[in-house]
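Q: Before I ask anything, here is the structure I am working with.
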Amino acid sequence: MTDLAELSTGELELSDRAALRRVSGLSTELTDVTEVEYRQLRLERVVLVGVWTEGSAAQSEASLAELARLAETAGSEVLDGLVQRRDRPDPATYIGSGKVAELSGMVASAGADTVICDGELSPSQLRQLEAKLKVKVIDRTALILDIFAQHARSKEGKAQVELAQLQYFMPRLRGWGEALSRQAGGRAGGATGGVGTRGPGETKLETDRRRIRTRISKLRKEIAAMSTVRETKRGRRTANEVPSVAIAGYTNAGKSSLLNALTGAGVLVEDALFATLDATTRRTTTPDGRTYTLTDTVGFVRHLPHQLVDAFQSTLDEVADADLILHVVDGSDPNPEWQVEAVREVLGEIADRREEKLPTELVVVNKIDAANELALARLRNLLPGAVFVSAHTGLGIEELRERVAGLIPRPDVEVEVLVPYARGELVARVHREGEVLTERHTERGTVLAAKVKPDLAGMLGDFAVNGTSV
């Protein structure tokens, strides 16, 4: 049996997730569909439905297959799926009335209790479908938000997810029966109220909206304060001129596995969509000894909810502020080019919001141990200059280290110094942060010719040889 002290943080989190199992038949949740938005979202037996408006049939089927993986990640059992070909989603029910009847029969025969739509439903579409199907209906956005809520671990991550959920549910609040009751007015001194309470009053719905707006405002302030801490840490690295590399990519492409392979970080690795959400930063070194940081960021997906992009701004800024982006692609995926397109679309949104160009991108095709040679040959043609690796087996990792070393900023101030043996910490720092060209030991100290960063060059100025200035 493995000692707990030997387990990494990621292994402990993974065992913690696997420790909880759902026992069917014990649920006491409300069955009235009108209470759906006031209870916790728990998916059980689900039927999927999508609308194919553009692209090929294979693309629409791949999108529904991805929705099935999302549903399974959220903890549900997928029973069946339905795709309808339309020019655009039906404004009333997302799918046409005929398909609603067909879907209703499918739900009844399969014994499903939830329908998931592969798109974002309007509040009216949600109401119409629930009224006709008599089961809970959610959309792709709500599903992704639910997965994020399950997997968030840090205080900042939980606050970001809650903010995204509140922004999503705000326009979808509804009320029935007494939920629409008002605080009615009455005669002064009477039992029904008095001065200040007469008039139409405030509905329960309006009260809920006001409370949600208050909570959203508080969350934004909390996230802004947390962002300040993140920016302070980032600013400290910038002041020390430590190059930074951000790992970005499609969800489940192997970003956390790659971080572990390059740094031994020990973060959670699981074959599931959005397994890790919290940004993790670790230091490592290039083959020639230079220090840099690697940051694992949140995964992307097709049609990533805009609420999440807004809420995770501070985390996504890690990508924009890096010196290099490692764009990780799943080489074993049937359609890796769609992953690349989806990731670059989100990266483009980040660049547009910041009104600046993104850093250099290095595409890393991961999981080559699980991909066939024909698919890899096609990817080499589609993605020239990409590095092909397997974070699982370690294949190609050393080549990736070399490529990263060649792309991150190098020290640019050349010095020749004689450092006394009493100042050995300066020699160690030159080796750690700079690029040593030559080194020899004399009676008076260590003679170094090296390229270093400006701040270190200033510290070495008193030891310059032959009038070499910094």
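Q: Give me the number: length gained by fully extending A422 to E349, i.e. 0.36 nm times residue separation minus the C-alpha to C-alpha distance, one decimal in nm.
A: 21.0 nm is the gain from fully extending A422 to E349.
Q: List, in the order given, every pair from K155/K218; K158/K221; K99/K136; K155/K204; K99/K134 whose Cα-Cα distance in the structure shown is over 19 Å.
A: Beyond 19 Å: K155/K204.
Q: Also: Out of region 391-470, which trypsin sites (Lys or Arg not before Pro) are coil in DSSP terms and have no more than 10 other C-beta atoms within 10 Å?
A: R444
Q: Each label point is 7 Å from the Cα along the Cα-to-Cβ direction; what then is the distance between the points at E414 and R153, in nm?
A: Between E414 and R153, the simple spin-label model gives 4.6 nm.
Q: For region 118-132, take each phi angle, set θ = phi - 60°, evaluate the Karplus expression 6.51 cos²θ - 1.76 cosθ + 1.60, and give the result in whole Hz per residue in order, putting x for glycine and proline.
A: After applying 6.51 cos²θ - 1.76 cosθ + 1.60, I find 7, x, 9, 8, 6, x, 5, 4, 4, 5, 4, 5, 5, 5, 7 Hz.
Q: Quick one: Karplus J couplings for region 455-460, per residue in order, coefficients 6.51, -1.76, 1.60, θ = phi - 60°, nearest Hz, x for Gly and Pro?
A: Taking θ as phi minus 60°, the curve returns 5, 6, 4, x, 5, 8 Hz for region 455-460.
Q: Next up: So how do F388, F274 rank on accessible area, 1.4 Å probe, biggest first, that is with the largest at the start?
A: F388, F274
Q: How big is region 100-140 on each of its three principal axes, counting only the C-alpha atoms and giving the largest first in Å?
A: That works out to 27, 17, 15 Å along the principal axes.
Q: Give me log10 I(q)/I(0) at q = 0.11, 0.19 Å⁻¹ for region 379-470, Debye formula, one equal scatterer per alpha-carbon, no solvent.
A: -0.46, -0.82
Q: A follow-up question, please. Enumerate the amide H contacts of I247 below 5 Å, restricted to partners 5 or more residues apart or on another chain; note that Pro and chain-start residues carry no placed amide H.
A: Result for I247 returns T295, D296, T297, L326.
Q: Still on this model: For region 40-119, what is the convex hull (Cα atoms) projected area averaged across all directions, in square nanometres?
A: If I average the Cα hull's projected area over directions, I get 5.3 nm².
Q: Here is a further query. Please check which bits of region 128-149 a label hung off L79 would reach, taking the label as a point 7 Å along Cα-to-C-beta and the cut-off as backbone N under 12 Å.
A: 135-136
Q: Right, here's the next one. Return one quarter of the surface area of the convex hull spanned by the alpha-carbon atoms of region 341-386, equal to its mean projected area, in nm².
A: Averaged projected hull area, Cα only: 3.8 nm².
The values are calculated or read from the model by the stated rules, or taken from the named source; none is laboratory data. No experiment lies behind these values; they were computed from the predicted model shown. No Cβ is skipped: glycine too gets one built from the backbone with ideal geometry, and neighbour counts run over all protein chains shown. For accessibility, only protein heavy atoms count, side chains too; no ligands or nucleic acids. Shrake-Rupley method; radii C 1.70, N 1.55, O 1.52, S 1.80 Å.
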